[in-house]
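Notes follow once the structure below has been shown.
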Amino acid sequence: MSDKMAEQDVPQDFATTLTQLERLVAQLESGELTLEASLAAFERGIRLTRDAQSRLDGAELKVQALLEQADGTLQSVPFETTGEPPHAP
C-alpha cells in the first residue's frame, strides 16, 4: 500500500483512532480472522498506533508551548490527571 493510501486510511481525530484500534484488537483476539486478514489488521493497527503516538506527541508540544513563561523559559509542571490546573511552584 502506498504512503498516500495509508494516510487516507487514518482517521481524522484521536478518539476515532482509538476506537478503531480497540475494534482491531477485539477482532484479532477473537481468533476468527484468517491469517491474511490478521496480518492486514495488524498492519492497520501499526499505522493507527503510529498516528495516535504522533497526535500525542503534538499535543505534548502544544502543552509545553502553553507552559512557556514570558521570559521564554519553560515551567516544569508535572502532568496531573485530577482535572485541576497545575499549581505554580
**Request:** Could you list all residues from region 34-49 that are in a helix (DSSP H, G or I) and of a type in the set (S, T, Y)?
**Result:** S38, T49
**Asked** Can you find a residue in region 27-42 that is modelled with pLDDT of 90 or more, β-branched (V, I, T) and surrounded by 12 or more Cβ atoms within 10 Å (Cβ to Cβ)?
**Response** no
**Item:** Within region 44-79, considering residues that are hydroxyl-bearing (S, T, Y) and modelled with pLDDT under 85, the one nearest to the chain's Cα centre (by Cα)
**Value:** S76
**Message:** Out of everything in region 43-64 that is of a type in the set (A, V, I, L, M) and closer than 17 Å to R23 by Cβ, what residue ends up being surrounded by the most Cβ atoms within 10 Å (Cβ to Cβ)?
**Reply:** L48
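The values are calculated or read from the model by the stated rules, or taken from the named source; none is laboratory data. Remember, predicted model here, so these are calculated numbers, not experimental data. For neighbour counting, all protein chains shown are included, and Cβ atoms are generated from backbone atoms with ideal geometry for every residue, glycine included.
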